[in-house]
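To keep things clear, I will list the structure first and then write my remarks on it.
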Amino acid sequence: MRLTKPLLAAMLALSLNATSGMAEVVVVVSAKSPVTALSRNQVTDVFLGRTNRFPDGTQAIPIDQSEGFTTRDEFYANFAGKSAAQLKAHWSKIIFTGRGQPPREMPESDIKKFLAGNPAAIGYIDKSALDPTVRMVTISP
Amino acid sequence: MTQASNKTRVANGCLEEVAAELAKVKNGEPALKGLLENEPQKVSAKNKNGKYLYVNENLARDYKLPGAGIIAGIAVALTAFFASNVRADDSSGPAYSLHGFGTLGVTHSSEDKADYVGTFFQPNGAGHWRSWVASTDSKLGVQLDARFSDKLSGVIQVASQYDWDSSYTPQIEWANLAYRITPDFTLRAGRFVTSTFLISENRLVGYTYPWIRPPEEVYFTLPPTNKDGVDALYRFSAGDAVDTIQLSYGRANKKIPGNGQAVANHYLDVHNTWEHGATTVRLGYTSMDIDFHHPVLDGLFDGLVQFGNAVPGPAGQQALALGNGRRAVNAPYSIVTIGMSHDPGDWLLMAEWARTRASAFVSDTTAWYITGAYRIGKFTPYATVADSKPDKLPVPSIPTAGLPLPAAAAAAALNGGLAATFNAFAFAQHSVSAGLRWDFHKDVDLKLQYQRLRTDPGSAGRLANVQPGFQAGRAVNVFSLTVDFVF
């Protein structure tokens, strides 16, 4: 099938929109948290339940966005290479072996509020939602 | 093929008694009442309004195990928790949660003189018994987690699958209390499943792994499903990796088809798991002393002793030595395991290797598998190569030369029984599988799998319910389709 020029242009525009519409997900902690930088593995380990501590030994409480939020799916795709189904399989394994429960979930709008009051908490939000109540964590490769 | 027919009886006897027991269970109200009152296996369960857990008296009475008191205690503790409806410290998550999992599936096998089974304990399966069965993989489980405080938590999991007595009678799979001494150091007591292999602990939850079922060549080398005892788990960071050391000790007790019973005493597990990003490496050692009783096997060894007492000379001495020395009573059994998985997202590689050291009439075995999978959106095609190779024990026998006729006939019969037993417990099987997982819906997957397996001459591999006329060494084609779900 031959694609007409207008159709091609429309598709290009759509794909560009899709790209620019992709949110940039950033990892955030409370402004009072001592944590400033983490490696990708360290972030993943906290969110996948492999550890409940930051590298400095202090307690880490991961906070998830509610299921179905695109920021959540992007975070796990970027950091853990896991789709929503793979993430569910991962947590099913931990739940049904009595090893723990997935992070507490809340809507994106509540996360900053929760983080602001909990220095041990760590979450992820759209970069555009950053404000002084939370601090973006620098991610080393 | 008399050896094969003897194995049939070893694996699958006393059907009338099983039927009688089944009828007993079925006479009660279905599901809950049957579970609470007729359950011969010790059960605790939540009542209809979910306010408390019922503890079957048999739970405490039947169990002559050291862990029984602990398990009953856990059930009572959870009962009290739900009866009072007290919410524990709610600082990081709910006080309790209820989850479930299940699999519905069908399996077909091309071999009509033996059955393909989903667990070591299933009395029959696809092939001879029925061409297509739902019993190999279908299962259902529910789990209750309770958080009493930041440090103390409890878990009870009840699961139903096709088992030794041809029933789906629910069993307590997990029932333990965990105490977190520090965030990295946890002690548990009660009933739990040990992580001998990479997915031993979650082997009932099909949703968590790529295949229809873990490769039996490796996973059947450790039949006991759970243990009653204590364990300690210590986790620490090693650079950018997380390392977990687990040590557990206890006892396991499992009924086997044909009114047999396997008890694992001094059941020890030591494991080290190293996780770095997408890579997991696990090293493990498991050991136990097994008492394996089955009417057919006990009959054979009793027969050898009787023969030895009645017949003088070297034949009698040999029969006595075998009858007393080759029973599986306090028989040491151990496994060394190495497992790895690499799961960066788009693809998956898993491999495990196990070496068993057995005794009595069971041959040592080397078993391994390699699985590769590639994810294309919601589809995950996968392939597995698996192998189980025994160092086959020489089959002992009573010398028959020079025996008077009646004694010679008895010796020949006993020798036949010995050969059948030693052959049945040398598991030689090789298989290649290909399958497809489709995550077609939230929390639900559908899987298709084709497995082509071959046993060595003289062995039925991991097939069960072996019939006269079974030809070892022929290729067996196994087709399976399952739907897995979690909730």
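For B:Arg191, indicate whether it is crowded, with 23+ Cβ neighbours inside 10 Å, within 30 Å of B:Leu283 (Cβ to Cβ), within 14 Å of chain A (Cβ to nearest Cβ) and charged (D, E, K, R).
yes
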Practice prompt. All but one of (1) modelled with pLDDT of 95 or more; (2) more than 30 Å from A:Tyr76 (Cβ to Cβ); (3) of a type in the set (S, T, N, Q) hold for B:Ser341, so report the exception by its number.
Written response: (2)
Worksheet item: For the subset of the stretch B:289-321 comprising residues that are surrounded by 15 or more Cβ atoms within 10 Å (Cβ to Cβ), in contact (Cβ under 8 Å) with a residue 40 or more places away in the chain and more than 26 Å from B:Gly258 (Cβ to Cβ), which member is farthest from the chain's Cα centre (by Cα)?
Response: B:Val311
Item to complete: Might you check whether a residue that is out of contact with any Pro (no Cβ under 9 Å at 6 or more places or on another chain), touching a residue at least 24 places away in the same chain (Cβ under 8 Å), more than 14 Å from chain A (Cβ to nearest Cβ) and of a type outside the set (Lys, Arg) occurs anywhere in the stretch B:152-159?
Response: no
Worksheet item: Restricting the search to the stretch A:96-141, which residues are hydroxyl-bearing (Ser, Thr, Tyr) and out of contact with any helix residue (DSSP H, G or I) (no Cβ under 8 Å at 6 or more places or on another chain)?
Response: A:Thr97, A:Ser109, A:Ser128, A:Thr138
Worksheet item: Quick one: is A:Pro102 touching a Gly at 6+ places or on another chain (Cβ under 9 Å), within 14 Å of another protein chain (Cβ to nearest Cβ) and assigned to a strand (DSSP E or B)?
Response: no
Fill in: Whichever residue in the stretch B:473-487 is under 17 Å from B:Ala126 (Cα atoms) and hydrophobic (A, V, I, L, M, F, W, C) and, among such residues, is surrounded by the fewest Cβ atoms within 10 Å (Cβ to Cβ)
B:Ala475
Worksheet item: Is the stretch B:276-287 home to any residue that is surrounded by 20 or more Cβ atoms within 10 Å (Cβ to Cβ), in a strand (DSSP E or B), aromatic (Phe, Trp, Tyr) and on the phi < 0 side of the Ramachandran plot?
Response: no
Fill in: Yes/no for A:Thr97 being more than 8 Å from chain B (Cβ to nearest Cβ) and of a type in the set (Ser, Thr, Tyr)
no
Item to complete: For B:Gly339, state whether it is at positive phi and among the small types (Gly, Ala, Ser).
Response: no
Worksheet entry | Evaluation of B:Ala328 against (1) away from chain A (no Cβ under 14 Å); (2) without any contact (Cβ under 8 Å) to a residue 60 or more places away in the chain; (3) over 23 Å from B:Ala358 (Cα atoms); (4) crowded, with 21+ Cβ neighbours inside 10 Å (one fails), failing number | (3)
Item to complete: Evaluate the stretch B:454-466: report whether one residue or more is in contact with a strand residue (DSSP E or B) (Cβ under 9 Å, 6 or more places away or on another chain), acidic (Asp, Glu) and modelled with pLDDT of 95 or more.
Response: no
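Each row is one residue, and each column tells you yes or no for (1) under 30 Å from B:Asp298 (Cα atoms); (2) of a type in the set (Ser, Thr, Tyr); (3) at pLDDT 95 or above.
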{"position": "B:Thr380", "(1), (2), (3)": "no, yes, yes"}
{"position": "B:Thr384", "(1), (2), (3)": "no, yes, yes"}
{"position": "B:Trp438", "(1), (2), (3)": "no, no, yes"}
{"position": "B:Gln451", "(1), (2), (3)": "no, no, yes"}
{"position": "B:Pro468", "(1), (2), (3)": "yes, no, no"}
Worksheet item: Looking only at the stretch B:344-378, which residues are part of a loop (DSSP other than H, G, I, E, B), more than 14 Å from chain A (Cβ to nearest Cβ) and out of contact with any helix residue (DSSP H, G or I) (no Cβ under 9 Å at 6 or more places or on another chain)?
Response: B:Ala358, B:Ser359
Discussion item. Of all residues being in a loop (DSSP other than H, G, I, E, B) and more than 10 Å from chain B (Cβ to nearest Cβ) in the stretch A:105-128, which is surrounded by the most Cβ atoms within 10 Å (Cβ to Cβ)? Just the residue, please.
Written reply: A:Pro119
Practice prompt. Inspect all residues belonging to the stretch B:333-343 and state whether any of them is assigned to a strand (DSSP E or B), in contact with a Pro (Cβ under 7 Å, 6 or more places away or on another chain) and of a type in the set (A, V, I, L, M).
Written response: no
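Being more than 12 Å from chain A (Cβ to nearest Cβ) and more than 22 Å from B:Arg452 (Cα to Cα) is the filter here, so list the residues in the stretch B:194-240 that pass it. Outline the logic, then answer.
From the stretch B:194-240, those more than 12 Å from chain A (Cβ to nearest Cβ) are B:196-197, B:211-225, B:227-230, B:232, B:234; that's our starting set.
Within the stretch B:194-240, B:Thr196, B:Phe197, B:Leu222, B:Pro223, B:Pro224, B:Thr225, B:Lys227, B:Asp228, B:Gly229, B:Val230, B:Ala232, B:Tyr234 meet the criteria.
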Practice prompt. Go through A:Lys127, A:Lys88 for me and flag whichever is over 24 Å from B:Ala178 (Cβ atoms) and either aromatic (Phe, Trp, Tyr) or within 16 Å of the chain's Cα centre (by Cα) (or both).
Written response: A:Lys127
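The values are calculated or read from the model by the stated rules, or taken from the named source; none is laboratory data. These figures come from a predicted structure and were not determined experimentally. Don't worry about glycine lacking a Cβ; one is built from the backbone with ideal geometry, like all the others, and counts go over all protein chains shown.
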